[in-house]
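The values are calculated or read from the model by the stated rules, or taken from the named source; none is laboratory data. This structure is a prediction, so every number in the text was calculated from the model and none was measured. Positions of Cβ are generated from backbone atoms using ideal geometry, with glycine treated the same way; all protein chains shown enter the neighbour counts. Only protein heavy atoms, including side chains, enter the accessible area calculation; ligands, DNA and RNA are left aside. Shrake-Rupley method; radii C 1.70, N 1.55, O 1.52, S 1.80 Å.
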Amino acid sequence: MQSLINKYGKWALITGASSGIGAEFALQLAALNFNLVLVARRKEKLEQLSAELIAKFNIETLVISLDLSKPDFLETIQQQTNHLDIGLLINNAGFAITGSFLNDNLENQLSLLDVNCKAPLILSHYFGNRMLSSGSGGIINIASTAAFLPLPFWSNYAASKAYLLSFSEGIWHELKNKGIDVLAVCPGPTQTEFADTAKVNLGGMTAKAVVDCSLKNIGKNSSVIVGFENQFSTFFLRFFSRNLLIKFGAIFTKKIAVN
Ligand SMILES: NC(=O)c1ccc[n+]([C@@H]2O[C@H](COP(=O)([O-])OP(=O)(O)OC[C@H]3O[C@@H](n4cnc5c(N)ncnc54)[C@H](OP(=O)(O)O)[C@@H]3O)[C@@H](O)[C@H]2O)c1
């Protein structure tokens, strides 16, 4: 098996690297000797992670602290990464908003779309074209098992992940004969800061399990559901009517709600 670094080159860019699954990607890719561009809003967390990775693995890093919901984020990333040959892109940053759609302000809901959908689209387009010119690359988009059914009180989040899964599978086909691998990863509940941000009780698998599964499947599949339990439950969802799926979704979001 060709090693990831031989296939994609020395540099990877990870969004949402300041915690959870993104930080675990940073750790595992650094252990494979990748140099890393670490992107998120919390500069201190990124700098701390960067220092740890440099000390432990002797890699090069670049910290870019920015908000992916802002319209000018690509310009900043372009300027700072122009000189780097980024062959592996991990679109991982994302968050959920819990609660009644109409109770939340529209700006908040739109920023979820910016971070969960628009940023991966923009970065896949920009770095995808650079990968096309260099003849190889990999794009990993972190979707969710929430992509497989509507989730009342998480309506926008579930829809954003359905978008990311479908988009990734589409471009997987478009790019598969052009040297660019695309993978949509669908974790179920995972123990990260995600649940606190979304104000839910989740538990679930480790970030390590999600990243192990992602790195094992890039270049082999168009999408992957992480963990047997999640594969099993999402498989059976296809046998139910859309109305029943909505009911299941509402039961799930009620179960995880913080009372
Ligand atoms: N945990 C789960 O149960 C679960 C399940 C399925 C899928 N996922 C998906 O996994 C991905 C990673 O989430 P996680 O579980 O690792 O949660 P997390 O620990 O909360 O990490 C989310 C990351 O996204 C970054 N981020 C959020 N908003 C941002 C913005 N506006 N601009 C730039 N960066 C932003 C955060 O960094 P800053 O706050 O520093 O900006 C953080 O690094 C998400 O796409 C999530 O939807 C999670």
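Here are a few things to note about the model shown:
- Pairs with Cβ under 8 Å, 6+ apart, first in segment 23-36 and at pLDDT 95 or above, second among the acidic types (Asp, Glu): Gln28/Asp212; Asn35/Glu60; Leu36/Glu60
- In summary, helices (runs of 4 or more DSSP H) completely within segment 1-58 and bearing 1 or more residues that are among the hydroxyl-bearing types (Ser, Thr, Tyr) occur at 4-8, 43-57.
- Selection status of Phe127, among the aromatic types (Phe, Trp, Tyr) and closer than 25 Å to Leu84 by Cβ: yes
- Summed over segment 210-251, residues that are more than 15 Å from the ligand (Cβ to nearest atom) and touching an Asp or Glu at 6+ places or on another chain (Cβ under 9 Å) total 4.
- Boolean, Asn156 is more than 11 Å from the ligand (Cβ to nearest atom) and assigned to a helix (DSSP H, G or I): yes
- Phe148 being over 19 Å from Ala12 (Cα atoms), of a type in the set (A, V, I, L, M, F, W, C) and within 14 Å of the ligand (Cβ to nearest atom): yes
- Single unsatisfied condition, Thr98 versus (1) touching a helix residue (DSSP H, G or I) at 6+ places or on another chain (Cβ under 6 Å); (2) hydroxyl-bearing (Ser, Thr, Tyr); (3) open to solvent by less than 40 Å² (accessible area, probe 1.4 Å): (3)
- Checking each residue in segment 9-59 for being of a type in the set (Phe, Trp, Tyr), open to solvent by less than 10 Å² (accessible area, probe 1.4 Å) and more than 13 Å from the chain's Cα centre (by Cα) picks out only Phe34.
- Selection status of Lys161, closer than 28 Å to Asn33 by Cα and at pLDDT 95 or above: no
- Residues that are in a helix (DSSP H, G or I), in contact (Cβ under 8 Å) with a residue 24 or more places away in the chain and more than 16 Å from the ligand (Cβ to nearest atom) are absent from segment 102-116.
- Positions within segment 192-206 being in contact with a helix residue (DSSP H, G or I) (Cβ under 7 Å, 6 or more places away or on another chain) and not polar (S, T, N, Q), in sequence order: Glu193, Phe194, Val200, Leu202
- So Thr145, is it open to solvent by 20 Å² or more (accessible area, probe 1.4 Å), more than 12 Å from Asn91 (Cβ to Cβ) and in contact with a strand residue (DSSP E or B) (Cβ under 7 Å, 6 or more places away or on another chain): yes
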